[in-house]
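See structure below.
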Amino acid sequence: MFVTFEGPEGAGKSTALRAVAAGLRATGRRVVETREPGSGEVGKAIRAILLHGGDLEPRAELLLFLADRAQHVAEIVRPALARGEIVLCDRHADSTFVYQGVARGLDPTFVKAGNAFATGGIVPDLTVLFDLPAEVGLARLQNPDRMDALPLSFHQRVRQGFLDLADGEPGRFRLLDATQGPQEVAERALAIVQGTLAP
């Protein structure tokens with residue numbers, strides 16, 4: 001099963017993902033924790049450029065995210081799914097569509113096609129959308145990176161983009177109120193994931 005955790009900055013996805021993985025392992029499930037960008041050696045190098053590399057032309061930014069995704073799916077996601085493991089991924093194709101296609105204003109048709117090419121057609125079985133107002137999430141950040149430092153209006157477009165995606169695919173998305181405390185958010189995320197797993 002392929003599960004992605006999506007949402008605006010500061011929503012608590014990474015913290016919740018670790019707690020969900022621990023909760024699933026406690027019940028005997030085999031789990032892989034991963035993220036985009038930044039998993040694997042290639043991913044680490046691309047992440048450093050994307051988050052700390054200074055100004056990037058938006059089209060170059062998009063192509064770097066897609067390159068990371070193609071390597072990540074081939075190296076980590078697809079093999080883990082073939083082994084029958086649960087893959088929990090912090091950000092995936094939806095983030096690229098929202099950040100680069102919606103908030104950056106790049107051609108959404110091209111972004112969708114690029115995602116499909118990079119993933120080889122893999123689509124998450126479940127996407128947990130951690131939702132909260134952009135200003136609340138940004139205020140939580142301890143060490144803002146290049147993307148975090150973009151204007152509030154950008155992050156507001158990101159939030160709305162995610163909500164629009166969730167409205168369009170209610171079968172895949174589960175909305176989670178990320179304004180709650182970390183423990184409550186993690187517990188809710190675990191309940192959502194467990195509720196979709198086969199017994």
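What follows draws every value from the coordinates through simple rules; no lab data is involved. None of these values were measured; they are calculated from a predicted model. Using ideal geometry, Cβ is built from the backbone for each residue, glycine included, and neighbour counts are taken over all protein chains shown.
Please identify every one of the GluC sites (Glu not before Pro) in the range 25-107 that sits in a loop by DSSP and has no more than 16 other beta carbons within 10 Å of its own beta carbon.
Sparse-neighbourhood loop GluC sites (Glu not before Pro): 85.
Magnitude of the Cβ-charge dipole of the chain, K/R +1 and D/E -1, about the Cα centre, nearest 20 debye?
My answer is approximately 480 debye.
How much length is gained if the chain between residue 14 and residue 113 is pulled fully straight, taking 0.36 nm per residue apart and subtracting their Cα-Cα distance, in nm to one decimal?
32.9 nm
List, in order, the whole-Hz ³J(HN,Hα) value for each residue of the range 31-40 obtained from phi through the Karplus relation with A = 6.51, B = -1.76, C = 1.60 and θ = phi - 60°; use x for Gly and Pro.
Using θ = phi - 60°, the values come out as 10, 10, 9, 8, 7, 10, x, x, 9, x Hz.
Using the alpha carbon gyration tensor of the chain, what are the three equivalent-ellipsoid semi-axes (square root of 5 times each eigenvalue), largest first, in whole Å?
The equivalent ellipsoid of the chain has semi-axes of 24, 20, 16 Å.
Per residue of the range 124-141, what does 6.51 cos²θ - 1.76 cosθ + 1.60 with θ = phi - 60° give for ³J(HN,Hα)? Whole Hz please, x for Gly and Pro, Karplus curve as stated.
With the stated coefficients, the range 124-141 comes to x, 6, 8, 10, 8, 9, 8, 10, 6, x, 4, 5, 5, x, 5, 5, 7, 5 Hz.
If exposed trypsin sites (Lys or Arg not before Pro) are those in a DSSP loop with at most 13 other Cβ within 10 Å, what is the longest stretch of the chain that has none?
My reading of the result: 84-199 is the longest stretch.
Measuring from a point 7 Å past the Cα of residue 26 along Cα-to-C-beta, which residues in the range 58-92 have an amide N at less than 16 Å?
The answer is none.
Give me, ordered by chain and number, the residues 5 or more places off residue 4 or on other chains with an amide H under 5 Å from its own placed amide H.
When sequence neighbours closer than 5 places are left aside, the close amide H contacts are 89, 126, 127, 128.
Under a plain spin-label model, where a point goes 7 Å from the Cα along Cα-to-Cβ, how far apart in nm are residue 191 and residue 143?
3.4 nm
Helix-only mean residue ellipticity at 222 nm, the chain, DSSP H runs n ≥ 4 weighted -39,500 (n - 2.57), per residue, nearest 500. What is it?
-15500 deg cm²/dmol
Full extension from residue 184 to residue 63: what is 0.36 nm times the residue separation minus their Cα-Cα distance, to one decimal in nm?
Working it through step by step, the gained length comes to 40.0 nm.
Collect residues whose amide H, placed 1.01 Å from N in the peptide plane, falls under 5 Å from the amide H of residue 32; neighbours closer than 5 in sequence don't count.
For residue 32, whose amide H was placed from the backbone, the distant partners under 5 Å are 86, 87, 88.
Along the range 187-194, what does the Karplus equation 6.51 cos²θ - 1.76 cosθ + 1.60 (θ = phi - 60°) give for ³J(HN,Hα), rounded to whole Hz, x for Gly and Pro?
5, 5, 4, 4, 4, 5, 5, 4
Among 166, 70, 21, whose Cα sits farthest toward the positive end of the charge dipole of the chain (+1 at Cβ of Lys/Arg, -1 at Cβ of Asp/Glu, about the Cα centre)?
Highest projection toward the positive end goes to 21.
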